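Worksheet: the structure to be examined is printed underneath.
Since every read-out is calculated from the coordinates, none of them should be taken as a lab result. Here the structure is a predicted model, which means the values were calculated and not measured. Please note: Cβ atoms are built from the backbone with ideal geometry, for glycine as well, and neighbour counts cover all protein chains shown.
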Amino acid sequence: MLALHRAGRIVLPEKKQSPPNNAALHRKRSKEFSIDQSPVECAFEQLSALSVRMVRRTADEALFNGLMERFHYLGYTQPVGEQLKHMVFAGDRPVACLAWSSAPWHMGPRDRFIGWTPSVRRKHLHLLAYNTRFLILPWVKVPHLASHILGRIVRRISSDWQQLYGHPVHYLETFVDQERFKGTCYRAANWVHLGQTTGRGIKEKTSKVTRSIKDVLGYPLSKDFRSKLCGGETP
């Protein structure tokens, strides 16, 4: 009926209410906080000792959410499903935040790279982690820091996931908006460029590009990742 209304064939009464915006529902107002924003600008070798903390369900999670909301260009939205949050400290000062969540249901370049059929993907999608946010705080200017952090995270993320959700992950993925970034730190950390998104949502009915096209990058966590992600099934 909505299609007929838009085509001018019928006239529907004005709608009484609009459905809620799900993204807005999951967006939480960050608490006020103060943080040292004095510049951290030095060679990587001169940086204070780095430590990585998994802050999901800890006292530092509120600070993580607030930093993302205030300083990441996409802001902070509470993920749905399984998720991890890592904060990176140089000494006692936070320098970076990384957010991870359950992987998108369908992604052509990724599914072809792994060798997934729809049925195999349905069984093993939970064994992937999606890097939804990567924030280097804006006053931190340290060459090679971002790629080093990615290298540190990939060595621990599967055990962190196991600790929180009772199962490991075997593959990481992220999308890089071509209009804003080149993905240099991911490539330097040996993430694999698999292709690009189509620029269309999963429910789009036409081939018209309606969203920014993003590079699809992946990182297998072991040499036998395909066997683990396919469960011994032949694609």
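A compact table of results
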read-out: Over the range 29-136 - Rg/Rh using Cα atoms and the Kirkwood inverse-distance radius; value: 1.06
read-out: Protection proxy ranking, peptides 94-100, 220-226, average beta carbon neighbours within 10 Å, highest first; value: 94-100, 220-226
read-out: Rounded, prolate or oblate (a/c below 1.5 giving rounded, otherwise prolate when a/b exceeds b/c) for the range 91-217 by Cα gyration tensor; value: oblate
read-out: Three-way shape call for the range 41-100 based on the alpha-carbon gyration tensor, with the a/c threshold at 1.5; value: prolate
read-out: Cα centre as origin, Lys/Arg/Asp/Glu Cβ charges: the range 84-164 dipole, Debye; value: 160 debye
read-out: 5 angstrom amide H check on Gln196, placed H, neighbours 5+ away; value: Val216
